[in-house]
Amino acid sequence: MHKIALALAAAALLPGAASLSHAQVQKMRPGLWEHSVTMKSQSGQMEAAMAQAHKSLADMPPAQRRQMEEMLAQQGVSLGAKATTVKVCVTPEQADLDRLPPAQDGCTHKLQRTSPNTLSTTFSCPAAQGRPGSSGSGTMTMSSPTAYTGRYKVETQTAGKPEQLDMEQTGRWLAADCGAIKPVR
């Protein structure tokens, strides 16, 4: 699930398209971004797995829970009750080029700007290292250089069975300095 969220975050941060002039395209601001993702699965299995993960984390001894939370935080990830948040560092070069690399190896993204601040995206990520493949589509709307919203449909597998996830994502710029979060290369 974390990899899907990162893939969507990378896809959502691609605000440029060759078909529109730069004067019409809103550039995103470089720096630290926070993406909040909420997901709903058709089967309910993903929600059950997330509830179990939250319970397991809550049941850990305080020192172990703190260690797990710190490990996730170093990767820019926070598991909230309603949403998973992922922090991503966008370099000035990435913002200037209007593109980011895929969040995981082998993923491909195709973007089409449908208005100066709205993108249509499709993506595909192959199965790898015990992770099922996924593909999907959605739209992302930049409300400013520091904020966006998006909706996506993702096709993947859960327990070997086809699964559809409906995702809503918001992004907001946090700071010019990314701190300990490293850019995705």
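The values are calculated or read from the model by the stated rules, or taken from the named source; none is laboratory data. Every value quoted in this text rests on a predicted model; they were computed, and no experiment measured them. Counting neighbours? That spans all protein chains shown, and the Cβs are built from the backbone with ideal geometry, glycine included. Ligands, DNA and RNA are stripped out before the accessible areas are found, and what is left, the full protein with its side chains, is counted by its heavy atoms. Shrake-Rupley method; radii C 1.70, N 1.55, O 1.52, S 1.80 Å.
Residue check: is Lys40 modelled with pLDDT of 85 or more, within 17 Å of the chain's Cα centre (by Cα) and within 27 Å of Asp177 (Cα to Cα)?
No; evaluated as a whole, the condition is false for this residue.
State the number of residues belonging to the stretch 37-96 that are in a strand (DSSP E or B), surrounded by 15 or more Cβ atoms within 10 Å (Cβ to Cβ) and either of a type in the set (Ser, Thr, Tyr) or at positive phi (or both).
Summing the residues that are in a strand (DSSP E or B), surrounded by 15 or more Cβ atoms within 10 Å (Cβ to Cβ) and either of a type in the set (Ser, Thr, Tyr) or at positive phi (or both) in the stretch 37-96 gives 4.
List every residue pair whose Cβ atoms sit under 8 Å apart, with the two residues 6 or more apart in sequence or on different chains, where the first one lies in the stretch 109-128 and is without any contact (Cβ under 8 Å) to a residue 24 or more places away in the chain and the second, anywhere, is β-branched (Val, Ile, Thr).
Lys110/Thr121; Lys110/Thr122; Ser120/Thr114; Ser120/Thr139; Ser124/Thr108
Can you pull out every residue in the stretch 53-99 that is more than 30 Å from Pro116 (Cα to Cα) and of a type in the set (Lys, Arg)?
Lys55, Arg65, Arg66, Lys82
So is Gln129 in contact with a Pro (Cβ under 8 Å, 6 or more places away or on another chain) and open to solvent by 40 Å² or more (accessible area, probe 1.4 Å) or not?
So Gln129 fails the test.
Of all residues in the stretch 139-159, how many are open to solvent by less than 60 Å² (accessible area, probe 1.4 Å) and closer than 21 Å to Gly44 by Cα? Break it down into steps so the answer makes sense when it comes.
So the first thing to find is which residues in the stretch 139-159 are open to solvent by less than 60 Å² (accessible area, probe 1.4 Å), and the list is 140-142, 144-148, 150, 152, 154, 156, 158.
This time we only want the ones that are closer than 21 Å to Gly44 by Cα, so: 152, 154, 156, 158.
Result for the stretch 139-159: 4.
Considering the stretch 115-124 alone, what residues qualify as being in a strand (DSSP E or B) and loosely packed, with under 15 Cβ neighbours inside 10 Å?
Passing the criteria: only Ser115.
State all residues of the stretch 160-175 that are farther than 20 Å from Gly44 by Cβ, open to solvent by less than 80 Å² (accessible area, probe 1.4 Å) and of a type outside the set (Ser, Thr, Tyr); if no residue qualifies, say none.
Kept after step one, since they are farther than 20 Å from Gly44 by Cβ, are these residues of the stretch 160-175: 169-175.
Those left that are additionally open to solvent by less than 80 Å² (accessible area, probe 1.4 Å): 169-171, 173-175.
Once the filter is applied, which keeps residues that are farther than 20 Å from Gly44 by Cβ, open to solvent by less than 80 Å² (accessible area, probe 1.4 Å) and of a type outside the set (Ser, Thr, Tyr), the stretch 160-175 yields Gln169, Gly171, Trp173, Leu174, Ala175.
Read through the list (1) touching a residue at least 40 places away in the same chain (Cβ under 8 Å); (2) under 22 Å from Ile181 (Cβ atoms), then give the number of the only condition that Leu72 fails.
Unmet for Leu72, out of (1) touching a residue at least 40 places away in the same chain (Cβ under 8 Å); (2) under 22 Å from Ile181 (Cβ atoms): (1).
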